[in-house]
Amino acid sequence: LLTTMPSYKLSYFPGRGLGEVSRQLFHLSDTPFEDHRVPMDEWPAYKDSTPFGQMPVLFVDGKPLPQSFAIARFLADQFGFAGKTPFEAAWVDALADQYKDYFAEIRPFLFVVFGFGEGDKEKLKKKVAEPAINKFFGILEKRAKDNGSNGHLVGNSLTWIDLQVSDHIGVLELYLPNAISAYPLVNEIRKKTTTDPKLKEWLDKRPVTPF
Amino acid sequence: HSPLYNLLYSAWLSLVPSFSAMPSYKLTYFPVRARAEVARQLFYLAGVPFEDVRVPHADWPALKPKTPFGQMPLLEVDGKPLPQSYAINRYLAKEFGFAGKSPFEAAWVDAIADQFKDYNIELRPLFLVLMGFAQGDKDQLLKDVGIPARDKFFGILEKLAKDNGNNGHFVGSSLTWADLLIADHVKTVSIHLPSFLDGFPTVLDTVKKIESTPKLKEWIEKRPDTKF
């Protein structure tokens, strides 16, 4: 019995944002997919055809699935990047949701440095970005140590939370050089993740976007 | 007994399926429903015993540094900690069979839960005032924050429930933790904003059906009564 691989399409804006981790999972697993990038001016026309009026949306044999973490987890499960046991998978989920909470805290700073609005960058850096980074990356550094300082946040193999954190560090460093200098184990994880040969292949050829 | 008897008995024992001991579970949270209620319901629905630890607010600061993320709820499985309410909910739901019947269905459960999380973030300023945690103009917040957030999210839920055949579930044809999440929220809303969801009859019908699940009904009737 030959089961054919489903056809995959991922619709998102042309940036990395909430779509990049899923794109990376396809590349890491050598799974073909349509990397559908919707320019901002085409989004209003496309919006109503999406389940939640948002992107990213994953299409599996034409069936839509919204919400970036639901998509990333689904693909990670399919391709083997979700941890090796149910408890490990739950820890990947816990770190991902902690990242989501952190991102909500740092968003006002990022909103301004990305150029989406006006604001006092220095004040936001001190009052918003630095406390959020210290709290979250403190958790990650301890987690990396408790996990055996092995270059992964959970277990002993690459998971989608390694990808998410590594991608975000890339964003942070554009606006806050040395953002994670106080978190050497986290930096080791980022280094190990971004030098994975299959991932590096994608990182070297993907479209370059600021976020 | 003869050696032959002992041999046959040992052989028989090795053929009997070994019952692996169920893990011990402990769930630690504040004495409210909020972010721990779905996990509590999953244990009860599955008939799985667990230690339902409710920490008074005054006791929390001493406990906080002992938790992985300085937050609750916290699940402990044979003493091993797991933080973050949705990670806990999903882990238990998968163990006990309340996470959808296929990987794609499980992903849709996740998507609804994450959309609910986004909605809660939007609703937060109104929620804080309603619960008495902050000062503010309730009516202004309702107009500026509550109604837009509600219309966006419950519009999605209304359509999901209809497209799913008004079968008493938001996705698939069996109880999932997304059903429990929404039903508990609707309960809280009904306490504080009685007619807030009247414009979403299929959602309300779905929640009624969810709440009539026998074991869940039992739990709801006997659990500590809290306003959120």
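Before moving on, here are some points about what is shown:
- Checking each residue in region A:102-139 for being within 18 Å of the chain's Cα centre (by Cα) and of a type outside the set (Gly, Ala, Ser) picks out A:102, A:103, A:105, A:106, A:107, A:110, A:111, A:114, A:133, A:136, A:137, A:139.
- Taken together, B:153, B:196 contain a single residue that is outside any helix (DSSP H, G or I), open to solvent by less than 30 Å² (accessible area, probe 1.4 Å) and either modelled with pLDDT of 95 or more or among the acidic types (Asp, Glu) (or both), which is B:196.
- Among the residues of region A:110-143, the ones that are away from chain B (no Cβ under 14 Å), without any contact (Cβ under 8 Å) to a residue 40 or more places away in the chain and not in a loop (DSSP other than H, G, I, E, B) come to 10 in all.
- With respect to the conditions (1) at pLDDT below 95; (2) open to solvent by 20 Å² or more (accessible area, probe 1.4 Å), residue A:171 falls short on a single one, namely (2).
- Residue within region B:119-127 that is part of a helix (DSSP H, G or I), farther than 30 Å from residue A:74 by Cα and touching a Phe, Trp or Tyr at 6+ places or on another chain (Cβ under 9 Å) present: yes
- Taking region B:1-86 as the region of interest, the helices (runs of 4 or more DSSP H) fully inside it that hold 3 or more residues being among the aliphatic types (A, V, I, L, M) and modelled with pLDDT of 95 or more are B:37-46.
- Test: residue B:64 is within 13 Å of chain A (Cβ to nearest Cβ) and either among the charged types (D, E, K, R) or surrounded by fewer than 14 Cβ atoms within 10 Å (Cβ to Cβ) (or both): yes
- Of all residues assigned to region B:6-26, at least one qualifies as being under 22 Å from residue B:216 (Cβ atoms), touching a Phe, Trp or Tyr at 6+ places or on another chain (Cβ under 8 Å) and open to solvent by 30 Å² or more (accessible area, probe 1.4 Å).
- Each residue in region B:202-215 was checked for being touching a residue at least 24 places away in the same chain (Cβ under 8 Å) and surrounded by fewer than 20 Cβ atoms within 10 Å (Cβ to Cβ), and 6 of them qualify.
- Among (1) of a type in the set (Ser, Thr, Tyr); (2) part of a helix (DSSP H, G or I); (3) away from chain B (no Cβ under 14 Å), the one test that residue A:102 misses: (3)
- Residue in region B:138-146 that is within 14 Å of chain A (Cβ to nearest Cβ), among the hydrophobic types (A, V, I, L, M, F, W, C), without any contact (Cβ under 8 Å) to a residue 24 or more places away in the chain and surrounded by 14 or more Cβ atoms within 10 Å (Cβ to Cβ) present: no
- Output for region B:67-90, where each listed residue is open to solvent by 30 Å² or more (accessible area, probe 1.4 Å) and either over 16 Å from residue B:25 (Cβ atoms) or within 8 Å of another protein chain (Cβ to nearest Cβ) (or both): B:68, B:71, B:80
- Residue selected from region B:156-172 under the condition without any contact (Cβ under 8 Å) to a residue 40 or more places away in the chain and within 13 Å of chain A (Cβ to nearest Cβ), by the criterion most open to solvent (accessible area, probe 1.4 Å): B:159
- Inspection of region A:144-167 identifies at least one residue that is within 12 Å of chain B (Cβ to nearest Cβ), open to solvent by less than 60 Å² (accessible area, probe 1.4 Å) and assigned to a helix (DSSP H, G or I).
- Test: residue A:188 is in contact with a helix residue (DSSP H, G or I) (Cβ under 8 Å, 6 or more places away or on another chain) and assigned to a helix (DSSP H, G or I): yes
- Among helices (runs of 4 or more DSSP H) entirely within region A:1-84, having at least 1 residues that are open to solvent by less than 20 Å² (accessible area, probe 1.4 Å) and not hydrophobic (A, V, I, L, M, F, W, C) singles out A:20-28, A:68-79.
- Within region B:116-135, the set of residues being aromatic (Phe, Trp, Tyr) and open to solvent by 50 Å² or more (accessible area, probe 1.4 Å) comprises B:127, B:133.
- When B:93, B:99, B:113 are checked against the criterion of being buried (at least 16 other Cβ atoms within 10 Å of the Cβ), within 14 Å of chain A (Cβ to nearest Cβ), in contact (Cβ under 8 Å) with a residue 60 or more places away in the chain and not in a helix (DSSP H, G or I), a single residue qualifies: B:99.
- Qualifying residue in region A:102-119 (condition: in contact with a strand residue (DSSP E or B) (Cβ under 8 Å, 6 or more places away or on another chain), modelled with pLDDT of 95 or more and within 28 Å of residue A:210 (Cβ to Cβ)): no
- Residue A:73 being modelled with pLDDT of 95 or more, at the interface with another protein chain (Cβ under 9 Å from one of its Cβ atoms) and touching a Pro at 6+ places or on another chain (Cβ under 9 Å): no
The values are calculated or read from the model by the stated rules, or taken from the named source; none is laboratory data. Just so it is clear, the structure is predicted and the values come from calculations on it, not from any experiment. When we count neighbours, we look across all protein chains shown, and the Cβ atoms used for this are built from the backbone with ideal geometry, even at glycine. Accessible surface areas use protein heavy atoms only, side chains included; no ligands, DNA or RNA. Shrake-Rupley method; radii C 1.70, N 1.55, O 1.52, S 1.80 Å.
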